[in-house]
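Just below is one structure, and these are the notes that go with it.
Each reported figure results from applying straightforward, stated rules to the coordinates on display, with no laboratory input. As the structure is a prediction and not an experimental result, all values here were calculated from the model. Heads up, the Cβs are rebuilt from the backbone with ideal geometry, glycines too, and the neighbour counts pull from every protein chain shown.
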Amino acid sequence: MPVAESSEAASVDEPTVAEKPRGPRRIGVLLVIAVLAFLIDLGSKLLVVAKLENHSAIKVIGDVVTFQVIRNSGAAFGMGQALTVVFTMIASAVIVVIWRIARRLYSLPWAIALGLLLGGALGNLTDRLFRSPGVFRGHVVDFISVQHFAVFNLADSAIVCGGILVVLLSFRGSNPDGTVHQQGGKGE
């Protein structure tokens, strides 16, 4: 009987039908978001280096937000300037982890979040690999200056937005495979 077979076929280790991923895999969405984030970051950096480097800052919103080119050998807020090679390796590892997660990606919000992280990581990794002073030691081009805060670029913005989205999705219990995990369930 088909009913008996289906109940016998489900084992304790297999997720129930409600827990299985639904819908298409979202690798395409992840890649589109990543490529867009990367290209927007790359284009903005090429533009500001060509037009703003060695020029005075351009006021965008009074003195609060300005555009000025800064070459950053470190991480956020200029920390770790002697660790450029380490940051290159970390960005490479992030890209590998995102690609591994993408193989089982069914959640649209997770695809967007991981796409932003991937595009941002690729944007800054490109600087580390191809900008002076040399391969694996290149300085990242930062140009958005917020008074009393930091100077950053669009790759940094994509990474921060993607990271915030990952945290929010995790708090909601959402998984990249489209399932939702429950906390404090029976048997714990």
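Backbone phi angles across region 35-44, fed through the Karplus curve with coefficients 6.51, -1.76 and 1.60 (θ = phi - 60°), yield HN-Hα couplings of 5, 4, 4, 5, 5, 5, 5, 4, x, 5 Hz in residue order; Gly and Pro are listed as x. Label-to-label distance for Val96 and Ile164 is 3.1 nm, based on points extended 7 Å past Cα in the beta-carbon direction. Based on C-alpha pairs under 8 angstrom that are at least 6 apart in sequence, region 103-188 has a relative contact order of 37 percent. Here the Karplus relation 6.51 cos²θ - 1.76 cosθ + 1.60, evaluated at θ = phi - 60°, turns the backbone of region 47-60 into coupling constants of 5, 5, 5, 5, 9, 10, 4, 6, 10, 6, 4, 9, 6, 9 Hz, with x for every Gly and Pro.
In region 17-176, Cα pairs under 8 Å separated by at least six residues give a relative contact order of 32 percent.
Annotation: amide H-H contacts under 5 Å for Val60 (H modelled 1.01 Å from N, sequence separation of 5 or more, or interchain): Val65, Thr66, Phe67.
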